[in-house]
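Please treat every number below as a calculation from the coordinates, not as lab data. This structure is a prediction, so every number in the text was calculated from the model and none was measured. Every residue, glycine among them, receives a Cβ derived from its backbone with ideal geometry; neighbour counts consider all protein chains shown.
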Amino acid sequence: MTDKDPLITLLIVDDHPVVRDGLRGMFESAPGFRVLGEAADGVAAVDLAERLDPDVVLMDLRMPGGGGVDAITEMTRRGARAKVLVLTTYDTDSDTLPAIEAGATGYLLKDAPREELFTAVRAAAEGRTVLSPAVASRLVTAVRTPSASAGVALSAREREVLALVAKGTANREIARVLFISEATVKTHLTHVYGKLGVNDRAAAVAVAYDRGILG
């Protein structure tokens, strides 16, 4: 880093204190970075991102109390300036695609080397997409075969959520009926959309009826 290079500010989001401590120590020991805060779940992350206005949010995905995909979606909805770089142990389609679709700038696995992580954060701060090789391969496959998910079966809970959506039930009411959180309902819907190859509730219901999933 030179004197002319801008300082990159960070928000670290992970439900494991040891992981947060490790990342904070790593970035604070390197020139060019400043950690503004930490959050243990997606709900707190949205609030801190709005108050602290970091350049980059390092976001875990699966966290009790509020997942990363919902947090990214809400930050995007609020027009947050921060770029989101997902840092997780998961590289399955059900994790990567919703995160990217929600507005994440990049996606790295936690086993990424230290320098690769630094480079990724710098790139994210500049608005450039950064993907681990495994994730990039999955995304390329998804783009080349957009209908490949058509044969992926919905889980029993996903079908329950979709059946209630078909009846015009709101997310809050679905959560009450199924005894799950509203954030979990949104996560199930995100997975349903991905499996059916659609982008909204109406299209999901239409495709589900067409394929005999409903009725």
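A few notes on this one:
- For the chain, lysine pairs with C-alpha atoms less than 22 angstrom apart, excluding pairs fewer than eight positions apart on the same chain, total 6.
- Helical contribution to [θ] at 222 nm, DSSP H n ≥ 4, -39,500 (n - 2.57), averaged over the chain, rounded to 500: -15500 deg cm²/dmol
- Relative contact order computed over region 8-144 (Cα-Cα under 8 Å; 6+ residues apart), in percent: 20 percent
- When the Cα positions of 17, 117, 213 are compared along the charge dipole of the chain, 213 comes out farthest toward the positive end, with charges on each C-beta of Lys, Arg, Asp and Glu.
- Quick note on region 1-73: its Rg to Rh ratio, both from C-alpha atoms and Rh being the Kirkwood radius, is 1.00.
- Here, the chain is characterised by an Rg to Rh ratio of 1.01, where Rg is the alpha-carbon radius of gyration and Rh the Kirkwood radius.
- Given charges at beta-carbon only (K, R positive; D, E negative), |dipole| of region 8-144 in Debye: 380 debye
- Gyration tensor (alpha-carbon) shape descriptor, region 148-210, a/c threshold 1.5: prolate
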